[in-house]
Amino acid sequence: MKYKRILLKLSGEALMGEQSYGIDINRVMQYANDIKEIHSQGLEIAIVIGGGNIYRGLSAEKAGMDRVQADYMGMLATVINSMALQDALEKVGLKTRLLTAIKMEQICEPFIRRRAVRHLEKGRIVIFGAGTGNPYFTTDTAASLRAIEINADAVLKGTRVDGIYTADPEKDPSAKRYDQISFQEVYEKGLNVMDMTAFTLCQENNLPIIVFDMNKPGNLKKLANGDHIGTVVR
């Protein structure tokens with residue numbers, strides 16, 4: 001395996017599958033099986049999931065809701081997604097722990113860094129829910145922060161596209177994909193990889209980001225084994 005410990009960042013929208021809203025159980029089970037494949041090879045895996053398939057704080061703010069209230073609602077949406085993935089992972093035989101930045105004793109553990117690292121060392125899949133627990137911070141920032149805290153080797157950002165492009169490939173068919181790009185080039189070209197807070201955290205801590213298509217079965221395994229999949233930012 002190319003890595004010993006990774007932080008897998010999944011978007012909430014990806015969990016919708018072909019639906020326009022909510023959670024596609026078939027898509028979640030595909031993710032669970034892909035994660036099982038790399039876990040069986042000894043990789044330590046932590047996961048952060050967004051909540052955009054259920055609720056998005058920024059959209060609610062534009063509609064007139066208080067931003068702080070809307071962001072907390074978005075954090076709760078990430079916990080719903082985390083619970084759905086936890087269930088799928090356990091259905092395929094993996095041991096998991098859900099740790100959240102907001103205390104919910106009946107369904108999960110509070111986030112404690114040492115506890116999270118210990119779970120990983122024991123071979124458990126660790127899912128981090130509720131973002132950072134603070135409004136105004138995205139789940140991208142939560143993923144970067146948690147990856148640094150657990151000493152992950154890389155952030156693997158699973159999306160609907162197979163890397164970083166010169167433009168949005170869903171809108172511009174002439175857009176070209178980068179195989180590898182530096183943090184500085186991303187800044188200079190104004191490319192949309194992560195929000196700036198998350199991106200800067202990774203840059204300052206020399207944490208590589210790999211953007212890849214998570215919806216294609218087998219991609220995660222290829223990536224973990226060192227195959228060149230997606231775009232590497234380093």
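The values are calculated or read from the model by the stated rules, or taken from the named source; none is laboratory data. Keep in mind that this is a model prediction, so the values were computed, not measured. FYI the Cβ positions are ideal-geometry reconstructions off the backbone, even for glycines, and counts take in every protein chain you see. Just the protein is used for accessible areas: all its heavy atoms, side chains included, with ligands, DNA and RNA removed. Shrake-Rupley method; radii C 1.70, N 1.55, O 1.52, S 1.80 Å.
Number of residues in the stretch 61-97 that are open to solvent by 10 Å² or more (accessible area, probe 1.4 Å) and among the β-branched types (Val, Ile, Thr): the value is 3.
Screening Tyr165 against (1) surrounded by fewer than 14 Cβ atoms within 10 Å (Cβ to Cβ); (2) without any contact (Cβ under 8 Å) to a residue 60 or more places away in the chain; (3) farther than 22 Å from Tyr72 by Cα leaves a single unmet condition, (1). Across the stretch 195-223, the qualifying residues are those that are aliphatic (A, V, I, L, M) and out of contact with any helix residue (DSSP H, G or I) (no Cβ under 7 Å at 6 or more places or on another chain), and the one among them that is most open to solvent (accessible area, probe 1.4 Å) is Met196. If you take the residues of the stretch 176-194 that are exposed (fewer than 15 other Cβ atoms within 10 Å of the Cβ), assigned to a loop (DSSP other than H, G, I, E, B) and not hydroxyl-bearing (Ser, Thr, Tyr), which of them is modelled with the lowest pLDDT? Out of the qualifying residues, it is Asn192. Screening the stretch 141-156 for residues that are of a type in the set (Val, Ile, Thr) and under 30 Å from Ser59 (Cα atoms) and picking the one that is surrounded by the most Cβ atoms within 10 Å (Cβ to Cβ) gives Val155.
Taken over the stretch 1-26, the criterion of being among the aliphatic types (A, V, I, L, M) and either open to solvent by 20 Å² or more (accessible area, probe 1.4 Å) or under 17 Å from Asp213 (Cβ atoms) (or both) is satisfied by Met1, Ile6, Leu8, Leu10, Ala14, Leu15, Met16, Ile23, Ile25. Six or more apart or on different chains, Cβ under 6 Å: which pairs go from a residue in the stretch 190-205 that's under 12 Å from Val233 (Cα atoms) to one that's open to solvent by 60 Å² or more (accessible area, probe 1.4 Å) and not hydroxyl-bearing (Ser, Thr, Tyr)? Could you list them? Close Cβ pairs satisfying both conditions: none exist. A search for C-beta distances below 6 Å between a residue of the stretch 118-140 that is in contact (Cβ under 8 Å) with a residue 60 or more places away in the chain and under 21 Å from Asp195 (Cα atoms) and any residue that is in a loop (DSSP other than H, G, I, E, B) and of a type in the set (D, E, K, R), counting only pairs 6+ apart in sequence or on different chains, returns Thr138/Asp195; Asp140/Asp195. Counting only residues that are closer than 19 Å to Leu201 by Cα and of a type in the set (D, E, K, R), which one in the stretch 98-140 is least open to solvent (accessible area, probe 1.4 Å)? Taking the candidates together, the pick is Asp140.
May I ask you to say which residue of Leu94, Leu76 is touching a residue at least 40 places away in the same chain (Cβ under 8 Å) and under 25 Å from Asn225 (Cβ atoms)?
Details: Leu76 fails: under 25 Å from Asn225 (Cβ atoms).
None of the other options fit; the residue is Leu94.
Among the residues of the stretch 156-175, count how many are at pLDDT 95 or above and in contact with a Lys or Arg (Cβ under 6 Å, 6 or more places away or on another chain). Matching residues across the stretch 156-175 total 1. Just so you know, in the stretch 34-52 the residues that are of a type outside the set (A, V, I, L, M, F, W, C) and within 14 Å of the chain's Cα centre (by Cα) include one that is most open to solvent (accessible area, probe 1.4 Å), and it is Gly52. If you go through the stretch 21-79 and keep only what is closer than 23 Å to Cys108 by Cα and small (Gly, Ala, Ser), you end up with Gly22, Ala32, Ala46, Gly50, Gly51, Gly52, Gly57, Ala70, Gly74, Ala77. Cβ contacts < 8 Å: first residue assigned to a loop (DSSP other than H, G, I, E, B), restricted to the stretch 1-24; second residue crowded, with 21+ Cβ neighbours inside 10 Å and charged (D, E, K, R), any location; separation 6+ or different chain. Result? So the pair list comes out as Lys4/Glu44.
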